[in-house]
1. Identify which of ILE11, ILE50, ILE34 has the largest mean-square fluctuation in a Gaussian network model of the chain, with springs joining Cα atoms closer than 10 Å.
2. Work out the charge dipole of the stretch 9-152 with +1 on the Cβ of Lys and Arg and -1 on the Cβ of Asp and Glu about the Cα centre, then indicate which of GLY72, ALA106, ILE50 is farthest towards its positive end.
3. Springs between alpha-carbon atoms under 10 Å, Gaussian network over the chain: tell me which of ALA106, ALA87, ALA134 tops the mean-square fluctuations.
4. Using a Gaussian network model on the chain with a 10 Å cutoff between Cα atoms, which of ALA76, ALA28, ALA146 fluctuates the most?
5. Taking the Cα centre as origin and putting +1 on Lys and Arg beta-carbons and -1 on Asp and Glu beta-carbons, what dipole magnitude results for the chain, to the nearest 20 debye?
6. For every helix of n ≥ 4 consecutive DSSP H residues, a contribution of -39,500 (n - 2.57) applies; sum these over the chain, divide by its total residues, and give [θ] at 222 nm rounded to the nearest 500 deg cm²/dmol.
7. For the chain, max minus min Cα coordinate along each principal axis, in Å, sorted largest first?
Amino acid sequence: MPTNWSDWLSISKSIKYYRPAVYQVRWARSGEPIPISRFARVDLDGILCIGKTKNMDQRRRNFGNGMRRGEGHSEADILFYLKHFGASLTVPDESQLQFSYKSFDAERAALRYEELLILAYMRRFGEVPPLNSAIPGKKNPGAWEAAKVLMDEGAI
């Protein structure tokens, strides 16, 4: 991962960063990622979702609310429903989730980077992260090429 990303932190840890950011959430145990089988290969980093936000600390709080109440963060809401209504699924609890973020000065730049990061993930694993549901920029060949650059740089 590029060096300008934060360290991996517990999803319950306040960071007091209230500006735009792109973030990743992973499943981890004892600080080590839990590999997740994907369509094309195993994701050894255990990435559950990639997102962007105007306010990183608020988005982190929303993730916890989604996991506890099923409302507040679209990807975390999925974990709530899987935990309570899924058929014998192993679902991570809040203590097993970590996030890392990359700060941006402008929300527009964060949005563009998020799109490219999701496309880079898709190029590598054959599908978007398990809790993401959309493929941003999928009809834009230039975005796919830009995503390949991120992938080649080790962003995903």
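Please treat every number below as a calculation from the coordinates, not as lab data. Just so we're clear, the structure is a prediction, and the values are computed from it rather than from any experiment. Cβ atoms come from the backbone with ideal geometry, glycine included; neighbour counts cover every protein chain shown.
1. Maximum among the listed residues: ILE34.
2. ALA106
3. Top of the fluctuation ranking is ALA87.
4. Among ALA76, ALA28, ALA146, the largest mean-square fluctuation in the Gaussian network model of the chain belongs to ALA146.
5. Charge dipole, the chain, about its Cα centre: 240 debye, nearest 20.
6. Mean residue ellipticity, 222 nm, calculated: -12000 deg cm²/dmol.
7. Projected onto the principal axes, the Cα atoms of the chain cover 41, 35, 28 Å.
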